[in-house]
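Accompanying notes for the structure given below.
The values are calculated or read from the model by the stated rules, or taken from the named source; none is laboratory data. As the structure is a computational prediction, the values presented were derived from the model and not from experiment. Every residue, glycine as well, gets a Cβ built from its backbone with ideal geometry; the counts of neighbours run over all protein chains shown. With ligands, DNA and RNA removed, areas are computed over all heavy atoms of the protein, side chains included. Shrake-Rupley method; radii C 1.70, N 1.55, O 1.52, S 1.80 Å.
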Amino acid sequence: MSNPSQPLPAEIVDAIIDLLHDDWQALATCASMSSAWRSRALVHLSKSVTIVSRRPPFAEALRFMRVFRPGSVLADALTTLVVRGRGRSADLPYMLDLAHFRNLRSLSLVGLTVRTINKLRDFLASCPQSIEELCFDRLSLVNIPLAVGGGDGSRALLQGIRPFPRLRALRLRLWDDDYGCHAVHYALYESLIVGAWSSVLLRTLSVHTFGREWNLPTGASLVGRMQGTLQDVRVTPWRPVDPDDALMSALSRCASLQKLTLCFVPVDDAHRARYPHILESLATWLTPPRCHFAASLRELTLMLHYPMEPMIPHARVAQTEGSLLAAFADVLLPRTYPHLSKLRILLYSDAPDLRLVFGRAALQNPGTAVAVEAPLWEEHVERVMSALRPLEDGGVRVEVCHASSFMTFLDAIL
């Protein structure tokens, strides 16, 4: 009979703790058990901790502050913190004070409601200067005065907040119907361009807006000021590519760019271009000497809207589509982009199930048998892959994926 006080083998302890990798409260309990348990728990706690916020009384946030108290081993181990809202009107926990997290590198605020701008200002002011990555994802801000919509008023939103000198990555995702959210984002842009944060030089910039165009002078100016340091850019244009657009022109001059992600999310029918024609415009934009990052680009990701109409087989459409894809592939060959190693094309449509849509079309219009014979997604992806085969032959890893909604891809892209 085994001794009940005998410690468990290390591999069993590790397996138990690994199962709890996404439960910070359980990991914190494990860390208090013994030194053997603590070391393994800290491995996970040092990677990322997610606090789920609901409406007051913020029970989880209060427990977090008690467990990760100043001077504790847990507080010193934390490098990544995500504060995520759950449910409607999940408030930013006002009691969070992050000043003592001296090794905190990444901070994300996701799906939260901020009741006053002072609460957001006080929260950011409490953050340590060690932060290297800042993410605002679908924040909702209320009680924001209309006077802060731009210029000096917008910059005043961040007045008194010291810039994070080590900030290298800024990730923003916002919706059109939240004025307060846009106001804070523009405050960040302007502070980074001409304000107190203008000494910050970003390497990663991710800005995804929906329903409102980001191709504004503010966005172009921000990219232009960072063009010497930006290495990873992810943006969401909502209209076909215009190589002479201010933002696209600024992007083309980012000579150190290694990763580029362009997500095309049209907001209305006027901006719904067939994706091969977007690739045609991109090919023009990516051709040197217009584009300055041909020698440095390693990964290119394109998220494109794919209307259902081209799925219906038509010889002329297929031929045009194939020639445009081939021309796009020719621009990216190693002779022009010697370090390109990965191309991802993410296609999304408006229909949740194309098989069902085409089946209904056949039932409603029995005379149009072409609907029954329409190629499925898998067949179309194979055609795209075939057109891009020269890139694969040149050593580029090509991925073509499809989904029924752009939201399927966005969480991974952000």
On a C-alpha basis, how far is the centre of segment 63-132 from the centre of segment 245-266 in Å? Whole number, if you could?
31 Å
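Work through the residues other than residue 125 whose Cβ is under 12 Å from its Cβ and net out their charges, Lys, Arg +1 and Asp, Glu -1.
Details: positive: 119, 121, 162; negative: 97, 122.
Summing Lys and Arg as +1 and Asp and Glu as -1 gives +1.
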Accessible area (Å², 1.4 Å probe, nearest 10) - residue 401
50 Å²
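Does segment 19-134 come out rounded, prolate or oblate by the C-alpha gyration tensor, with a ≥ b ≥ c the root eigenvalues, rounded set by a/c under 1.5 and, if not, prolate when a/b is larger than b/c and oblate if not? Don't skip to the answer; put the middle values down first.
Working: a/c = 2.05, a/b = 1.52, b/c = 1.34.
Prolate is the answer for segment 19-134, as a/c is 1.5 or above and a/b outweighs b/c.
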Between residue 203 and residues 5 or more places away or on another chain, which pairs have amide H atoms under 5 Å apart, with H built 1.01 Å from N, and which residues are they?
169
Gyration tensor verdict on segment 83-129 (Cα atoms; rounded if a/c is under 1.5, prolate if a/b is larger than b/c, oblate otherwise):
oblate
Between residue 21 and residue 122, with labels modelled 7 Å along Cα→Cβ, what's the label distance in nm to one decimal, could you check?
3.8 nm
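Determine the gain in length on full extension of the stretch residue 130-residue 32; use 0.36 nm per residue of separation and subtract their C-alpha separation, reporting nm with one decimal.
Working: separation 98, 0.36 × 98 = 35.28 nm, distance 2.65 nm.
Gain on extension, residue 130 to residue 32, equals 32.6 nm.
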Take every Cα pair under 8 Å in segment 97-138 that's 6+ residues apart, average their separations, divide by the length, and report that relative contact order as a whole percent.
63 percent
Please work out how much accessible surface residue 52 shows to a 1.4 Å probe, ignoring ligands, DNA and RNA, in Å² rounded to 10.
30 Å²
Whole-Hz Karplus ³J(HN,Hα) for segment 249-256, in order, using 6.51 cos²θ - 1.76 cosθ + 1.60 and θ = phi - 60°, x for Gly and Pro?
5, 5, 4, 5, 8, 7, 5, 9
May I ask you to rank 14, 122 by accessible area, largest first, using a 1.4 Å probe over the protein chains only?
122, 14
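First measure r as the distance between the Cβ atoms of residue 201 and residue 379, then evaluate 1/(1 + (r/R0)^6) with R0 = 60 Å and state the FRET efficiency to the nearest 0.05. All intermediate terms of the calculation are to be shown ahead of the outcome.
Values: r = 46 Å, r/R0 = 0.77.
Result of the calculation: an efficiency of 0.80.
Any idea what the relative contact order of segment 1-111 is, in percent, if you count C-alpha pairs under 8 Å spaced at least 6 apart?
Details: 153 pairs, mean separation 25.0, N = 111.
Relative CO of segment 1-111 lands at 23 percent.
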Label-point gap, in nm, between residue 255 and residue 47 - each point 7 angstrom along Cα→Cβ
3.9 nm
